[in-house]
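Peer 1: Let me give you the structure first, and then I'll get to my questions.
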Amino acid sequence: MYRVQGTLREWVTRDEVRRFIFKKFRDFILTYVNPKNGHGDIEYVRLINEVVSANKCSLEIDYKQFISVHPNIAIWLADAPQSVLEVMEDVAQRVVFDLHPNYKNIHQKIYIRITNLPIYDQIRDIRQIHLNTMVRIGGVVTRRSGVFPQLQQVKYDCNKCGSILGPFFQNSYSEVKVGSCPECQSKGPFTVNIEQTVYRNYQKLTLQESPGTVPAGRLPRYKEVILLNDLIDCARPGEEIEVTGIYTNNFDMSLNTKNGFPVFATVVEANYVAKKQDLFSAYKLTQEDKEDIEKLARDPQIGERIIKSIAPSIYGHEDIKTAIALAMFGGQEKNVEGKHRLRGDINVLLLGDPGTAKSQFLKYELALSTGQRAVYTTGKGASAVGLTAAVHKDPVTREWTLEGGALVLADKGICLIDEFDKMNDQD
């Protein structure tokens with residue numbers, strides 16, 4: 001089975017290959033024991049029980065664990081994800097409903113989410129070779145659309161004889177049209193049967209490169225990301241996320257007449273979304289990390305050590321480094337009996353002669369603020385709109401969306417404005 005004949009995409013659609021993947025993946029879910037934890041319990045059965053008790057419908061599969069057991073199938077999954085994922089979701093559905101028979105009444109379908117994909121691509125490095133494969137990209141969400149229902153399978157009524165045709169499975173690329181009614185051979189008219197048509201949630205995000213990774217003097221690139229089913233509303237504008245998904249082209253006539261026909265718009269159909277702040281959040285800390293943090297906290301010299309570790313390649317400037325350290329840690333906000341809130345933010349204004357490393361301090365602060373939102377902008381490029389929010393018209397859905405500016409994206413984080421004096425007075 002591992003000797004692929006012809007192209008991989010055709011190979012994984014064959015029945016015997018699909019049955020083979022089905023069997024292997026089922027064994028993997030029901031028998032895999034993680035060597036790292038010493039309990040010896042079966043990892044994915046425990047995860048399925050957690051998913052069911054939390055009323056969710058997504059099972060997360062760790063790619064690195066899967067590739068250690070079935071390396072060939074894991075590579076097929078990365079290179080021809082659409083058909084392999086179908087088989088895997090079929091397996092997951094059967095396993096979950098075998099273990100919990102009544103769960104069918106809550107969720108009809110179980111989705112597979114692939115985490116820990118080893119290869120990480122920058123948005124600007126995605127090329128034609130990545131089409132229809134699994135990619136993992138990261139960036140900042142700049143805007144998101146509303147939630148729309150998308151047709152998944154559609155049934156039609158024949159208006160002449162009243163019989164129901166279907167179901168017809170819709171994909172994102174083409175619209176399914178009915179030719180003639182099989183009962184009375186009439187050419188129509190047909191109306192969509194609203195009760196029996198199945199929809200799914202659909203939402204679009206615009207993912208832009210993180211400000212830190214853009215090469216100097218270039219504009220940040222962006223990609224559209226499509227969220228379906230239970231991934232809706234999992235990321236807000238301004239959050240830094242990592243998306244694992246399938247890089248496909250979406251066929252949209254209105255865009256094609258604009259772009260010159262054979263050029264397609266490309267999107268990433270998200271399969272799994274991880275937030276960057278979750279990577280640094282409390283529950284990912286190990287016991288050693290906590291002990292290190294507590295040990296640092298007991299150090300009487302901790303203030304000086306933090307100040308010395310800010311921009312260590314720039315000599316001196318103790319007071320500037322102190323100010324930056326204070327701004328990064330922030331003050332204490334006061335909630336006066338819940339009536340009003342006093343902000344605890346500390347603002348710093350740096351003045352100085354040319355060449356005294358003002359911008360370097362800012363750049364360093366941008367690189368250092370781990371797990372925080374830090375947005376860097378220059379006074380020349382930042383108008384009042386660029387700092388707060390701008391209204392954009394979405395080219396596809398024709399609706400108005402709000403796009404956050406620098407201050408919105410840096411909410412609960414740090415906004416760094418270089419060349420503050422070059423800004424207009426009213427801004």
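The values are calculated or read from the model by the stated rules, or taken from the named source; none is laboratory data. If you're wondering where the values come from, they're calculated on a predicted model, not measured in any experiment. Here Cβ is always computed from backbone atoms with ideal geometry, including for glycine, and neighbour counts include all displayed protein chains. Quick note on the areas: whole protein, heavy atoms, side chains included, nothing else; ligands and nucleic acids left out. Shrake-Rupley method; radii C 1.70, N 1.55, O 1.52, S 1.80 Å.
Peer 1: Taking segment 111-141 as the region of interest, how many residues are in a loop (DSSP other than H, G, I, E, B), modelled with pLDDT under 85, among the β-branched types (V, I, T) and under 18 Å from Y63 (Cα atoms)?
Peer 2: Result for segment 111-141: 1.
Peer 1: Something else now. What residue, among those in segment 55-71 that are open to solvent by 60 Å² or more (accessible area, probe 1.4 Å) and in a loop (DSSP other than H, G, I, E, B), is nearest to F20 (Cα to Cα)?
Peer 2: Per the criteria, the residue is K56.
Peer 1: Give me a count of the residues in segment 72-97 that are part of a helix (DSSP H, G or I) and within 21 Å of E10 (Cβ to Cβ).
Peer 2: 18
Peer 1: Could you tell me how many of the residues in segment 14-39 are in a loop (DSSP other than H, G, I, E, B) and modelled with pLDDT under 80?
Peer 2: Count: 7.
Peer 1: Step by step: first the residues of segment 193-206, then only those that are touching a strand residue (DSSP E or B) at 6+ places or on another chain (Cβ under 6 Å) and open to solvent by 60 Å² or more (accessible area, probe 1.4 Å), then the one that is nearest to R236 (Cα to Cα). Which residue is that?
Peer 2: Y199
Peer 1: Would you check which residues across segment 77-96 are under 15 Å from D62 (Cα atoms), open to solvent by 10 Å² or more (accessible area, probe 1.4 Å) and touching a Leu at 6+ places or on another chain (Cβ under 8 Å) and list them?
Peer 2: Of everything in segment 77-96, those that are under 15 Å from D62 (Cα atoms), open to solvent by 10 Å² or more (accessible area, probe 1.4 Å) and touching a Leu at 6+ places or on another chain (Cβ under 8 Å) turn out to be A78, L85.
Peer 1: Please indicate, with yes or no, whether at least one residue in segment 131-142 is open to solvent by 10 Å² or more (accessible area, probe 1.4 Å), of a type in the set (A, V, I, L, M, F, W, C) and closer than 23 Å to T7 by Cα.
Peer 2: Yes; the residues of segment 131-142 include at least one that is open to solvent by 10 Å² or more (accessible area, probe 1.4 Å), of a type in the set (A, V, I, L, M, F, W, C) and closer than 23 Å to T7 by Cα.
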